[in-house]
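Notes follow the structure.
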Amino acid sequence: MIVYEIPGPPVSWQRAGRSGKRTFDTQKGKKDVQRWHIKSLANGLFPAFRAIKLVVEYHMPIPKSYSKRRAKECLLGPHSKKPDLSNLIKFTEDAFIGLLWSDDAIITEIEAKKFYSDNPKTVFKIECMADKYFKEMK
């Protein structure tokens, strides 16, 4: 199992932009920053080509407008505001294509959660599922 941690507030997926008949990726800069963090941690690893399981934790920032009391209460429970979890997962899947996995289609299992944290970041673990299934078949 490989564990990665990306500092800073988690980023959620957004639709592609349009200019006339052309479309463009509105989040290219954000993806590049995330990819840079992973490249510095991955240290020459090749992207996975077999089935993988992705376990993701999104540590969401507490809004500065919250009182100290409300901020402490937030730390005790889940994050149930926007951005929604599925868009956070989509961004993570798309940002690391060709870097950590050959295509996001090889992700066969996902465990994800989001919650408030004093230290906003994205933490994810990658586990090779193909090895697990081959061991169970023997």
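If the condition is being within 19 Å of Phe49 (Cα to Cα) and over 10 Å from the mean Cα position of the chain (by Cα), then the stretch 76-98 contributes Ile97, Gly98. Looking only at residues in the stretch 96-120 that are aromatic (Phe, Trp, Tyr) and part of a strand (DSSP E or B), which one is surrounded by the fewest Cβ atoms within 10 Å (Cβ to Cβ)? Applying the filter and picking the extreme gives Phe115.
Take the conditions (1) in a helix (DSSP H, G or I); (2) modelled with pLDDT under 85; (3) under 25 Å from Arg35 (Cβ atoms); Lys132 misses just one of them, which is (3). Ala71 fulfils the conditions (1) modelled with pLDDT of 75 or more; (2) in a loop (DSSP other than H, G, I, E, B); (3) more than 20 Å from Phe124 (Cβ to Cβ) except for a single criterion, (2).
The values are calculated or read from the model by the stated rules, or taken from the named source; none is laboratory data. Bear in mind the structure is a predicted one, so any value in this text is a computation, not a measurement. Using ideal geometry, Cβ is built from the backbone for each residue, glycine included, and neighbour counts are taken over all protein chains shown.
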